[in-house]
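Here the structure is laid out as structure tokens; the discussion comes afterwards.
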Amino acid sequence: MKETLGSTPPTRRQWRRTLRRGLFWPTVGLAAAALAYALDQRALASAIGMSPIAVGVVLGLVPLPALGVGLRALARALRLRGASELAAAVAAYLAERLPGDYVVLSHYAPRDDAAAEVAVVIVGPPGVIVVEPRGETGEVICYQDHWYRKTSQTRSRALYDSPSKRAQWNATRVRSDIATGGFLNTRIEGVVVFTRAKIGDVSSSSVPVLAGMDAALSYLTRSDPRVETSPERTRALADALVGPIRLAVAS
């Protein structure tokens, strides 16, 4: 039986912390607004030499910074939650369909102490594949690792980050962990998988880009004679990342 490994997702913990922060700051802002309007604005205006209207305008601006911080945090929390759920769904899909000599790691936390996790890592006969899943819709295009989603024939909107750069960075982080385990020459690559989007011109992406889970499954199970492979090597590579596990080996 193939192993599917993962712990409490760091991204899930991160989006929950971000959500709490997003809820905290609007509360502070509303409390500040309530306090401001509870003041005797005429007495305050007289004391500081301003008109009551000016004082009202200034007090009305008091909660805006806190509300702005809170809204940005809420938007980021929703984005992190979506990324966490997508990573879990992609890992589950691949774990059900990949052959038994593969290991699927979800929400992998590299040892570099960076806050960002690696969504999905696949260890198998082709080597180590770092998967960056993305859930955008519509048509996506790439120009030298800068990504856009087409909103019309003439207009495009930039993605909030570059999936190819992230896949490349995460592959570097996983490579460092693998090297620490003694596998200096292991082939490790990053790929981007768009689960819903249509792929436009992505020829300038620095990593392979795949459209849909069927394409991802085909790519992961491809044979490559340049890659040294055996069930024992796959097990050792997985051990280097997460510690001893057991793999089923067909007799």
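The values are calculated or read from the model by the stated rules, or taken from the named source; none is laboratory data. Everything quoted here is computed from the prediction, not taken from an experiment. Using ideal geometry, Cβ is built from the backbone for each residue, glycine included, and neighbour counts are taken over all protein chains shown. The accessibility values were calculated without ligands, DNA or RNA, using every heavy atom of the protein model including side chains. Shrake-Rupley method; radii C 1.70, N 1.55, O 1.52, S 1.80 Å.
Tabulated values for the structure
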{"quantity": "³J(HN,Hα), Karplus 6.51/-1.76/1.60, whole Hz, each residue of the stretch 216-221, x for Gly, Pro", "calculated": "5, 5, 4, 5, 6, 9"}
{"quantity": "List Ser218, Ser230, ordered by accessible area with a 1.4 Å probe, largest first", "calculated": "Ser218, Ser230"}
{"quantity": "Nonlocal amide H pairs with Gly190, under 5 Å, H built at 1.01 Å", "calculated": "Val130"}
{"quantity": "The stretch 161-177 - phi-based ³J(HN,Hα) in whole Hz, Karplus 6.51/-1.76/1.60, Gly and Pro as x", "calculated": "8, 8, x, 5, 5, 5, 4, 5, 5, 5, 4, 5, 5, 5, 4, 4, 5"}
{"quantity": "Heavy atoms of Val90: accessible area, 1.4 Å probe, square angstrom to 10", "calculated": "10 Å²"}
{"quantity": "FRET efficiency estimate (nearest 0.05) - Cβ-Cβ, Thr172 to Arg196, R0 25 angstrom", "calculated": "0.40"}
{"quantity": "Spin-label model distance (nm) - Gln153 vs Asp239, 7 Å beyond Cα toward Cβ", "calculated": "6.0 nm"}
{"quantity": "Built amide H within the under 5 Å cut-off of Arg134, gap 5+", "calculated": "Val193, Phe194, Thr195"}
{"quantity": "Those chymotrypsin sites (Phe, Trp or Tyr not before Pro) in the stretch 118-217 that DSSP places in a loop and that have at most 16 other beta carbons within 10 Å", "calculated": "Tyr160"}
{"quantity": "Computed FRET value (nearest 0.05) for Asp161 with Asp214, which takes r as the C-beta separation and R₀ as 30 Å", "calculated": "0.75"}
{"quantity": "Cβ-derived FRET efficiency at R0 22 Å, Ala114 paired with Tyr143, nearest 0.05", "calculated": "0.25"}
{"quantity": "Under the Karplus curve 6.51 cos²θ - 1.76 cosθ + 1.60, θ = phi - 60°, whole-Hz ³J(HN,Hα) for the stretch 191-203, x wherever Gly or Pro sits", "calculated": "9, 10, 10, 8, 7, 10, 6, 8, 8, x, 7, 10, 5"}
